[in-house]
1. Computed FRET efficiency, Cβ-Cβ of R241 and L87, R0 51 Å: what is it to the nearest 0.05?
2. Counting pairs of Cα atoms in the chain, how many percent are more than 27 Å apart?
3. Semi-axes of the equivalent ellipsoid of the stretch 199-292: what are they in whole Å, largest first, if each equals the square root of 5 times a C-alpha gyration tensor eigenvalue?
4. If R₀ is 35 angstrom, what is the calculated FRET efficiency for the pair R35 and A100, using the beta carbon separation as r and rounding to 0.05?
5. How far is it, in nm, from the label point at T307 to the one at E278 when both lie 7 Å from their Cα along the line to the Cβ?
6. What's the angle, to the nearest 10 degrees (0 to 90), between helix 124-137's Cα axis and the longest principal axis of the chain?
7. Which one, A221, A91, A81, has the greatest fluctuation when you compute a Gaussian network model over the chain with C-alpha springs under 10 angstrom?
8. Figure the gain on full extension for D136 and E179 (residue separation times 0.36 nm, minus the Cα-Cα span) and round it to one decimal in nm.
Amino acid sequence: MRYVRLDTPKPISKIGLGTWQFGSKEWGYGPEYERRAAEIVRRALDLGVTLFDTAELYGFGRSERILGAALGDDRAKVVVATKIFPLLPVAPVVQQRAVASAARLGVDRIDLYQVHQANPVVADTTTMRGMRSLQDVGLVGEVGVSNYGLRRWRFAEAALGRRVLSNQVRYSMIDRGPEEDLIPYAEQAGRIVIAYSPLAQGFLSGRYDATNPPAGAVRRANPYFLPENLERGTALIATLREVADAHDATPSQIALAYVLRHPNVVAIPGASGVEQMERNAAAAEIDLADDEYAALVAAAHAFRPVTGLAAVPRMVRARLGG
């Protein structure tokens, strides 16, 4: 495993484990799920993974509880990250919710406490006042944000009066917005971009095409999985396969290696089983040659999916089988 080269109390692995699916019935939560989740977490620990990300919103608290139980005595050795859902995120509420998350996780200190989404009404001034108090009493180590643009990220830092270590955003080969400003800022300022959905919910895995679309409500709600977009992605997946063959790897691993090539980027893919966790972790060791990276960049730029309002009627027709 490789780690980010920053002055953090605990090393932060380039590949983490995202646990948004823990506790979700959509992903098979049931009587046997907690045992399976524990196996994934324990294997991640064996592989050198130190970043484990969750949120109070995931499974309405179940994800935090499952993760904390699975980590057990290793909770103090790793970076436990969670997020506050920004419903009235004023200082007293931030403090109360941090206490509740820490209790579910079974920790005395949340290593990285993140604002899940920028609140359009409540300014970060009051939110960060609560975060600063949590840091002062030792309940929170580092503060992070999620889904913030660069301007608001920097404003949050000014409001906190300290570094806001990380910004967790959607970033993959086909969601490249962070490359414009967030990643350059992180590298310049010594911050971290945490990439969620680094495989675009599996679009980049090569498992799906126009004749084999995914099942499940989550992916069906993603316009990338429209038959037309799956067809448009054929060339991109072919390039991923070509580079993967050169490394005896999978397309998913190459897609992860693409985002990890930036030194201040870490990725937090989910894992449905131990084998997937192993494959994800192995991606941290892949070094893409310059020409391979250039080929991936070109293929990603050439992919033009139908998204936004233009995708809505197509998604309705797809749902209706038309």
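The values are calculated or read from the model by the stated rules, or taken from the named source; none is laboratory data. These numbers come from a predicted model, not from an experiment. When we count neighbours, we look across all protein chains shown, and the Cβ atoms used for this are built from the backbone with ideal geometry, even at glycine. With ligands, DNA and RNA removed, areas are computed over all heavy atoms of the protein, side chains included. Shrake-Rupley method; radii C 1.70, N 1.55, O 1.52, S 1.80 Å.
1. 0.75
2. 44 percent
3. Taking √(5λ) for each Cα gyration eigenvalue gives 23, 16, 12 Å.
4. Given R0 = 35 Å and the Cβ-Cβ separation, E is 0.90.
5. With each label placed 7 Å out from Cα toward Cβ, I get 3.4 nm.
6. Relative to the chain, helix 124-137 is tipped by roughly 60 degrees.
7. A221
8. Extending this stretch completely gives an extra 12.2 nm.
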